[in-house]
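K.L.:
Can you read through this structure? Questions will come right after.
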Amino acid sequence: MSAKQKLISQQIADQLRDKIHRGQLLPGTPLNLVALREELGVSISPVRDATKLLEREGYVQVVPRRGVFVRQVELEEILEAYDFRLAIEPVMVELAAPHISEAQIKKLQENYRSLFTIEGGSASEAFRAMDMALHLTVTKHCPNRIFKSMISSIVGYIEWSSGYALRNMPDSLPNTVEEHLKVCDALLRRDIAAAAEAMRQHLLATRARITTYMGVSASK
């Protein structure tokens, strides 16, 4: 695969992934590769390569003789991903904290607090764009390369669960923002233990919210 074709495939995968996160492509939705090729004005090869990438990331499922479908992420998978995150993200906060500047922390605080001034669906959309900011900052400044590699392996689950929560549980947005701010506030005080615990509590709370919603939805 040429560098240009690889770039095109990545761009197509990014577009499809974003639509899945936004709920524009729901679980079970078939992906018409020919229609995608025509819509994007590219050959079929980068489209196929993009779907292979999304399949490896767990976003789509290839069903022999039927096609490619957006995959339904099961509650058990989400819980396993959160068990993993609970094991390493608080530790990553401890390791990253000394390397995150005061200016970076204050910028995160400013961005999260600004969400309280946005009304309606615009707040959810704004938060969706910012939700990963804290987690990415921690990952970027964590000096442990193995932890970085491990967390990147489940970024799809992280982004999917964030989008799922915002689409289906918009009332949880204020709590989620407050949880992010608690991590930031502790980082700004240079209270590393409190920052790690705030991250742990945030992950536990998000896990509980998703568990409750998905459990109720499954029983209907």
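K.L.:
Within 15 Å of the chain's Cα centre (by Cα) and either at pLDDT 95 or above or of a type in the set (A, V, I, L, M, F, W, C) (or both): is that true of residue 123 in this structure?
P.N.:
No, not satisfied.
K.L.:
Name the pairs: first residue in region 1-29 and within 15 Å of residue 55 (Cβ to Cβ), second residue in a helix (DSSP H, G or I) and among the basic types (Lys, Arg), Cβ to Cβ under 7 Å, at least 6 apart or on different chains?
P.N.:
Sorted first by the residue in region 1-29, then by its partner, the pairs are 25/19.
K.L.:
Scan region 33-50 for residues that are touching a residue at least 24 places away in the same chain (Cβ under 8 Å) and either loosely packed, with under 14 Cβ neighbours inside 10 Å or not hydrophobic (A, V, I, L, M, F, W, C) (or both) and jot them down.
P.N.:
Residues satisfying the conditions are 45, 46, 49.
K.L.:
Determine the pairs where a residue that is over 18 Å from residue 75 (Cα atoms) and at pLDDT 80 or above, located within region 152-181, has a partner that is polar (S, T, N, Q) and part of a helix (DSSP H, G or I) with Cβ atoms under 8 Å apart, the partner being 6 or more residues away or on another chain.
P.N.:
From region 152-181, the pairs are 152/139; 173/124; 176/206; 179/201; 179/206; 181/109.
K.L.:
Failed condition for residue 128, given (1) under 30 Å from residue 190 (Cβ atoms); (2) out of contact with any Gly (no Cβ under 7 Å at 6 or more places or on another chain); (3) touching a residue at least 12 places away in the same chain (Cβ under 8 Å), with all others met?
P.N.:
Result: residue 128 fails condition (2) only.
K.L.:
A further question follows. Which of the numbered conditions does residue 33 fail, given that it passes all the others? Conditions: (1) more than 17 Å from the chain's Cα centre (by Cα); (2) assigned by TED's automatic domain parsing to the domain that holds residue 210.
P.N.:
(2)
The values are calculated or read from the model by the stated rules, or taken from the named source; none is laboratory data. The structure presented is a predicted model; accordingly, all values stated were derived computationally and were not measured. Virtual Cβ from ideal backbone geometry, glycine too; neighbours counted across all protein chains shown.
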